[in-house]
Amino acid sequence: MSDCIKTEIAIATSVLLFGGLLLSAKIPNISVVLGLASLAGIFHGYAYIEN
C-alpha cells in the first residue's frame with residue numbers, strides 16, 4: 001500500500017472516531033479527546049505536506 005492510501009485511511013478513521021464520540025451518549029474523557037485530536041492533527045499535517 002502506498003503512503004498516500006495509508007494516510008487517507010488514517011484520516012478517514014480519525015473522522016469516524018470523532019463522529020462516534022459525538023454520537024455516543026457517554027461524555028468522553030478529555031485525555032481521549034486530546035489524544036485523538038493530536039493523532040488526527042499529525043495525519044492531516046502529514047497529508048498536507050505529502051501533497
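The values are calculated or read from the model by the stated rules, or taken from the named source; none is laboratory data. No experiment lies behind these values; they were computed from the predicted model shown. We place every Cβ from the backbone using ideal geometry, glycine too, and count neighbours over all the protein chains shown. Ligands, DNA and RNA are stripped out before the accessible areas are found, and what is left, the full protein with its side chains, is counted by its heavy atoms. Shrake-Rupley method; radii C 1.70, N 1.55, O 1.52, S 1.80 Å.
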#### Entry: Scope the range 16-48; condition open to solvent by 90 Å² or more (accessible area, probe 1.4 Å) and touching a residue at least 24 places away in the same chain (Cβ under 8 Å); matching residues
Leu39, Tyr46
### Query
Would it be correct to say that Thr7 is touching a residue at least 40 places away in the same chain (Cβ under 8 Å) and β-branched (Val, Ile, Thr)?
yes
### Message
Residue under question is Ile11, and the condition is that it be among the β-branched types (Val, Ile, Thr) and open to solvent by 90 Å² or more (accessible area, probe 1.4 Å); does it hold?
### Response
no
